[in-house]
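> Would you mind keeping the following structure in view while I ask a few things?
Derivation of every value follows stated rules applied to the coordinates shown; laboratory data play no part. Just so we're clear, the structure is a prediction, and the values are computed from it rather than from any experiment. Here Cβ is always computed from backbone atoms with ideal geometry, including for glycine, and neighbour counts include all displayed protein chains.
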Amino acid sequence: MPRYFINTLGCKVNRFESDAVGMALTSQGWTETQKPSDADVCVINTCTVTGKASVESRHHIRQTIRKNPSAKMVVTGCYAQTEAAEIEKIEGVDAVISHTEKHQLPELIIALYEKGEAHFSEDRNASCRETLFKGINVDALGTRTRPLLKIQDGCNAFCSYCIVPHTRGRSRSMPVAEVMDRLASLGEKGYLEVVLTGIHIGCYGMDLTPVTSFYALLKQMKEAGSVRRVRLSSMEPMEISDEIVDLITSSPYFCDHVHIPLQSGDDTVLSRMKRPYTTKRFKELVTRIHTLSPTTAIGADVIIGFPGETDTQFENTCHFLESLPLAYLHVFPFSPRERTPAASFDGRIDSDTMKHRTARVRAIGNAAKQRFMDAAVGTRAEVMVEKERDRQTGLLKGLTSHYIPVQIEGGDHLMNQLVPVTLEAAPDSGHLMGRREER
Ligand code: SF4
């Protein structure tokens, strides 16, 4: 039987799409291999969100071809959307598949393998023009302990630094009935936690007929109760309405975890980024969530060294972050992306300043994470135990509803289960220990 290898770079949406391709090929009798040298077809699902992501994508394409020059090589993802012509020139690449055709990837891979049909999508180097949500047609996704469910794609916002709307196109949503069917299917297959994902999930439903909302979808999910808990991936601050906050902080059906991209703690920088909110609005939102549910993990993204960011604006960001009850930070040094307005903004920050600023904000994030984990010691939680043990300790590992990594002693029968524990400290380890409760 043919073997496939998939290497996924970038975000959860890419991971979901790779999982879907894998599931579809598996259902056709293919087997997955972790080694490109063993594969008949290699797929690189690329990313271009930063310059580094593009370099890594290119590197993985070339490296995989070197490891197995006789395998068929398929490249897809956001880097393949913006740089299709360049990738096509790399010797050994047999297919470059755009986002518009991504839902047909399994069929294209099979045709490439069985009939040698190379395929280069025609909308190369163009924005994705897709207007309908199209997914890979697999019954239910789930090779992971916590399967991803992609409910939305694309973005209409065009923040001044972001390439994503250019690569993935306009916002489009999976129809409500299909979301509910897929969630039910995952529940029937025994999955306990599902991670809802998309590029801009707060926009969910605005493109559907009749128009609906992310809040309405969440309410319907809670009423259906198909799985034990649902985790939401990143949501834009202006789209987290009071009713969404009330719903997710009052119901254990939704994980105690919210991830909100902040990007800067200075209003002038936010406005130059074309982010449609102020620090005041962001703080009100975070305070409301924290007041209603002090144990909810609130994470944020921050971009460091946006062009023209002054020392004062950077200090404003640091002070703002320190004033918030955050559980962790994801810190990204600014990376100019061609075709975005910010790529031509004056005031590029030099690399020493960039390093210094990035290290400082990462330290703020680490301190916030430690504080959040320390506060959880002695409390009870349910850990979603993964199907693989920690390589170093050999212990079971998993995540709490509030996104704290936990390790537990116990047998393999606890894998893929929600295990109640009391949380204990594990100094300098980056995780907590879970003492299992006697039943
Ligand atoms: S909201 Fe802004 S940052 Fe997020 S994907 Fe859309 S354009 Fe990019």
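> Under 12 Å from the Cβ of Met373, count the other residues' Cβ atoms, weight Lys and Arg +1, Asp and Glu -1, and hand me the total.
With Lys, Arg at +1 and Asp, Glu at -1, the net is -1.
> Next question, about the same structure. Can you tell which of Ser323, Ser344, Ser401 shows the greatest fluctuation in a Gaussian network model of the chain with Cα springs below 10 Å?
Ser323
> Then there is this: Report the residue, chosen from Gly411, Gly135, Gly308, that carries the largest GNM mean-square fluctuation when the chain is represented by alpha-carbon nodes joined by springs under 10 Å.
Greatest mean-square fluctuation among the candidates belongs to Gly411.
> Expressed as a rounded percentage, what relative contact order does the stretch 380-436 have, with Cα pairs under 8 Å and six or more residues apart?
Relative contact order of the stretch 380-436: 36 percent.
> In percent, how large is the relative contact order of the chain, given Cα pairs closer than 8 Å and 6 or more residues apart?
It rounds to 10 percent for the chain.
> Same structure again: I want the local charge near Thr76. Using Cβ-Cβ distances under 10 Å, sum +1 for each Lys or Arg and -1 for each Asp or Glu among the other residues.
-1
> Express in whole angstrom the spacing between the alpha-carbon centres of the stretch 199-236 and the stretch 374-398.
28
> So who's got an amide H within less than 5 Å of the one on His259, skipping anything under 5 residues away but keeping other chains? H placed 1.01 Å off N, in plane.
Hits under the 5 Å cutoff: Met235, Gly299.
> Quickly estimate the mean residue ellipticity at 222 nm for the chain, helices only: each DSSP H run with n ≥ 4 gives -39500 (n - 2.57), and the total goes over all residues, rounded to 500.
The helix-only estimate for the chain comes to -10500 deg cm²/dmol at 222 nm.
> In addition: Just to confirm a number: summing +1 for Lys and Arg and -1 for Asp and Glu over residues other than Ser173 whose beta-carbon lies under 12 angstrom from that of Ser173, what do you get?
+1
> How large is Rg over Rh for the stretch 3-120, taking Rg from the Cα atoms and Rh as the Kirkwood inverse mean of 1/r across Cα pairs?
0.92
> Test of understanding: in a Gaussian network model of the chain with alpha carbons linked when under 10 Å, which of Glu122, Glu382, Glu193 would top the mean-square fluctuation ranking?
Glu122
> So if I average 1/r over every pair of distinct C-alpha atoms in the chain and take the inverse, what Kirkwood radius in Å does that give?
In the chain this quantity evaluates to 23.0 Å.
> May I ask what percent, to the nearest 5, of DSSP beta bridges between residues of the stretch 148-376 are antiparallel?
Taking every DSSP beta bridge within the stretch 148-376, about 10 percent pair in antiparallel fashion.
> In addition: Just name one of Val211, Phe282, Leu329: the one whose Cα is farthest towards the positive end of the charge dipole of the chain (beta-carbon charges, Lys/Arg +1, Asp/Glu -1).
So the residue furthest toward the plus end is Leu329.
> Relative contact order for the stretch 44-199: what percent, with Cα pairs under 8 Å and sequence separation of 6 or more?
After rounding, I find 20 percent.
> Okay, next question. What is the antiparallel percent of DSSP beta bridges lying wholly in the chain, to the nearest 5?
Of all bridge pairs located within the chain, approximately 30 percent are antiparallel.
> Looking only at Cβ-Cβ distances, which cysteines of the chain have no other cysteine closer than 4.7 Å?
Those would be Cys11, Cys42, Cys47, Cys78, Cys128, Cys155, Cys203, Cys255, Cys318, since no other cysteine Cβ in the chain comes under 4.7 Å of theirs.
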